Amino acid sequence: MRRTKEETAETRDALLDAAETVFLRRGVARATLEEIAREAGMTRGAIYWHFSNKEAIYAAMLERVRLPLLETELQDAALDDPFGMLERFAEQALARIARDERIRHIHIIVMLRRERLPGHTEMADIERDMRGHFAMALRECFRRAQSLGLLRDGIPPERAARAYQGLLIGLIYIGIQDTDAFHLYDDGLEMMRDLLAGYRAD
């Protein structure tokens, strides 16, 4: 039974690998389940065993790049170093994208290959939900900083969280398109540190 579970997991991973390849090459809207199955060397039946549709594949692909600490450490009510955690999170996120080709490809798919077309609202909902969880975790972290007297007076935690999220997403967007002129990890991390420094209480 254990071997069967391992084989099932391996098949699922192979299908996700194939989907990422096809999405990157064709774009999400134009990619078909037949192409994904062919890329994986499987049948459409194998896809339907693991995923109900293309949207489910897309959601599983996004889960592969989700940082586990987002749901835990960033929202930890007992956190005593929120700014340190925010810097470590940015460092980890930028490092993974800059140094891991597969993770970088997934971000390219989401930002550049996922055409915003009518009829694909489920994919947009998936992205919106993930951004919402991220925003909520960031707000809690900045609220914690405020409660500890670490956030500069006059800066609402909600605004600080939105600025952090917006800058991080913008840096990733630039970094995956302009790898020669912009060093995502080194340049991006310094910019994130500058932002956080501006929000720290004196």
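The values are calculated or read from the model by the stated rules, or taken from the named source; none is laboratory data. None of the values given here were measured: they were computed from a predicted structure. Note that each Cβ is placed from the backbone with ideal geometry, even for glycine, and that neighbours are counted across all protein chains shown. Keep in mind that these areas ignore ligands, DNA and RNA; they rest on the heavy atoms of the full protein, side chains included. Shrake-Rupley method; radii C 1.70, N 1.55, O 1.52, S 1.80 Å.
Numbers for the structure displayed
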| item | result |
| --- | --- |
| Residue 99 being more than 14 Å from the chain's Cα centre (by Cα) and closer than 25 Å to residue 186 by Cβ | yes |
| Residue within region 9-24 that is among the hydroxyl-bearing types (Ser, Thr, Tyr), without any contact (Cβ under 8 Å) to a residue 60 or more places away in the chain and over 19 Å from residue 102 (Cβ atoms) present | no |
| Subset tally (residues that are modelled with pLDDT under 90, charged (D, E, K, R) and part of a helix (DSSP H, G or I)) for region 102-127 | 5 |
| Of residues in region 68-87 being among the charged types (D, E, K, R) and modelled with pLDDT under 90, the one most open to solvent (accessible area, probe 1.4 Å) | 80 |
| Residue satisfying condition, being touching a Leu at 6+ places or on another chain (Cβ under 8 Å) and at pLDDT 90 or above, within set 199, 173 | 199 |
| Residues of region 33-67 that turn out to be polar (S, T, N, Q) and either at pLDDT below 75 or open to solvent by 50 Å² or more (accessible area, probe 1.4 Å) (or both), as a count | 2 |
| Neighbours by Cβ (under 6 Å, 6+ apart or cross-chain): first from region 148-168, touching a residue at least 40 places away in the same chain (Cβ under 8 Å) and under 17 Å from residue 87 (Cα atoms); second part of a loop (DSSP other than H, G, I, E, B) and open to solvent by 10 Å² or more (accessible area, probe 1.4 Å) | 150/201; 152/201 |
| Residue check for residue 137: at pLDDT 90 or above, buried (at least 18 other Cβ atoms within 10 Å of the Cβ) and within 19 Å of the chain's Cα centre (by Cα) | no |
